[in-house]
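The structure under discussion appears below in the form of structure tokens.
The values are calculated or read from the model by the stated rules, or taken from the named source; none is laboratory data. What you see is a predicted model, and the numbers here were worked out from it, not measured in a lab. Note: ideal-geometry Cβ built from the backbone for every residue, glycine included; neighbour counts use all protein chains shown.
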């Protein structure tokens with residue numbers, strides 16, 4: 001069976017990847033799985049400068065999901081390049097860096113540094129970050145700002161660039177088409193949905209930031225719908241994510257048009273889940289007599 005998929009000029013050995021912020025940098029999971037079997041891993045969100053993240057509490061469990069407001073805690077791109085990259089560059093899988101910034105200039109500088117790393121073939125451009133010059137509105141919630149940051153990074157980053165889209169928009173397909181037009185090699189979706197939780201006894205918000213990002217099974221039907229809509233609207237590959245807990249979930253995203261999938265919240269519940277999903281996809285293909293993963297991608301039957 002052929003499980004290889006292509007994102008731009010980049011070939012993945014299979015369509016199963018990890019979602020940024022849920023897998024650390026990789027070594028954290030070495031005791032549980034053979035990372036080299038995965039199609040790719042997304043290291044945690046990386047910014048130009050060190051970020052402490054938000055105050056605690058910044059994670060909370062919700063019915064069928066979880067809220068997080070970690071706030072992109074990381075030590076900055078220079079520490080990643082100097083201290084972390086040497087420890088993970090040997091992985092025989094596609095390593096992507098999730099790039100973030102509060103200004104276009106920060107995105108550009110971070111991407112330029114990542115571009116120099118030989119064993120990092122791709123970045124995931126996270127345009128759900130607050131644009132400080134626009135009063136904190138995320139870059140990804142309007143076409144003009146999404147285009148501006150994508151276009152600017154495209155000019156300096158020479159490898160595969162996948163743009164991560166926010167679901168907190170009126171028409172996600174329009175944003176996808178806009179970033180495709182200025183050079184995105186693919187889009188990934190969905191990022192977390194803006195949500196909140198309240199403690200009725202204390203009458204206070206559960207998170208220090210009041211609102212946070214909702215992920216997990218609760219968002220899957222919305223994510224699936226958005227992936228299907230975007231896959232119809234663009235010619236570039238779509239990487240689907242949002243509540244994928246098992247192989248059946250992953251297959252649904254492939255049928256909706258995703259070329260690859262990312263597994264996120266499920267990693268917190270079962271650190272071996274990604275390989276179980278990969279095995280499950282192989283079993284499904286064998287059971288249905290499918291020889292090539294591309295027979296599944298976009299294979300949703302509408303009549």
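The table below lists the values:
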{"read-out": "Qualifying position, being under 30 Å from residue 138 (Cα atoms) and in contact with a strand residue (DSSP E or B) (Cβ under 6 Å, 6 or more places away or on another chain), among 256, 260, 223, 233", "value": "260"}
{"read-out": "Some residue of the stretch 84-98 being under 30 Å from residue 219 (Cα atoms) and modelled with pLDDT under 95", "value": "no"}
{"read-out": "Odd one out for residue 194, checked against (1) in contact with a strand residue (DSSP E or B) (Cβ under 8 Å, 6 or more places away or on another chain); (2) at pLDDT 95 or above; (3) not in a loop (DSSP other than H, G, I, E, B)", "value": "(2)"}
{"read-out": "Residue 166 being part of a loop (DSSP other than H, G, I, E, B) and without any contact (Cβ under 8 Å) to a residue 40 or more places away in the chain", "value": "yes"}
{"read-out": "Per-region count, the stretch 94-122, residues in contact with a helix residue (DSSP H, G or I) (Cβ under 6 Å, 6 or more places away or on another chain), outside any helix (DSSP H, G or I) and closer than 11 Å to residue 45 by Cβ", "value": "3"}
{"read-out": "Whichever residue in the stretch 284-303 is within 24 Å of the chain's Cα centre (by Cα) and part of a loop (DSSP other than H, G, I, E, B) and, among such residues, is farthest from residue 229 (Cα to Cα)", "value": "296"}
{"read-out": "Residue identified as surrounded by 23 or more Cβ atoms within 10 Å (Cβ to Cβ), part of a strand (DSSP E or B) and modelled with pLDDT of 95 or more among 227, 219, 187", "value": "187"}
{"read-out": "The lone exception for residue 242 - which of (1) in a loop (DSSP other than H, G, I, E, B); (2) more than 21 Å from residue 64 (Cβ to Cβ); (3) at pLDDT 95 or above it fails", "value": "(2)"}
{"read-out": "Top-ranked residue of the stretch 169-183 - restricted to ones that are part of a loop (DSSP other than H, G, I, E, B) and in contact with a helix residue (DSSP H, G or I) (Cβ under 6 Å, 6 or more places away or on another chain), ranked as nearest to residue 59 (Cα to Cα)", "value": "169"}
{"read-out": "Among (1) assigned to a strand (DSSP E or B); (2) buried (at least 17 other Cβ atoms within 10 Å of the Cβ), the one test that residue 61 misses", "value": "(2)"}
{"read-out": "Members of the stretch 276-287 that are under 13 Å from residue 248 (Cβ atoms) and either free of Cβ contacts under 8 Å to residues at least 40 places away in the same chain or surrounded by fewer than 18 Cβ atoms within 10 Å (Cβ to Cβ) (or both)", "value": "276, 279, 280, 283, 284, 287"}
{"read-out": "Residue match in the stretch 140-153 (condition: assigned to a loop (DSSP other than H, G, I, E, B) and either surrounded by 16 or more Cβ atoms within 10 Å (Cβ to Cβ) or in contact (Cβ under 8 Å) with a residue 40 or more places away in the chain (or both))", "value": "yes"}
{"read-out": "Which listed residue, of 151, 171, is closer than 22 Å to residue 254 by Cα, more than 17 Å from the chain's Cα centre (by Cα) and at pLDDT 95 or above", "value": "171"}
{"read-out": "Identity of the residue in the stretch 72-83, out of contact with any strand residue (DSSP E or B) (no Cβ under 7 Å at 6 or more places or on another chain) and either over 30 Å from residue 205 (Cβ atoms) or at pLDDT below 95 (or both), that ends up surrounded by the most Cβ atoms within 10 Å (Cβ to Cβ)", "value": "81"}
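So that you can scan it fast, the table gives a plain yes or no per residue for (1) outside any loop (DSSP other than H, G, I, E, B); (2) exposed (fewer than 14 other Cβ atoms within 10 Å of the Cβ); (3) touching a strand residue (DSSP E or B) at 6+ places or on another chain (Cβ under 9 Å):
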| position | (1), (2), (3) |
| --- | --- |
| 11 | yes, yes, yes |
| 22 | no, no, yes |
| 32 | no, no, no |
| 42 | yes, no, yes |
| 49 | no, no, no |
| 54 | no, no, yes |
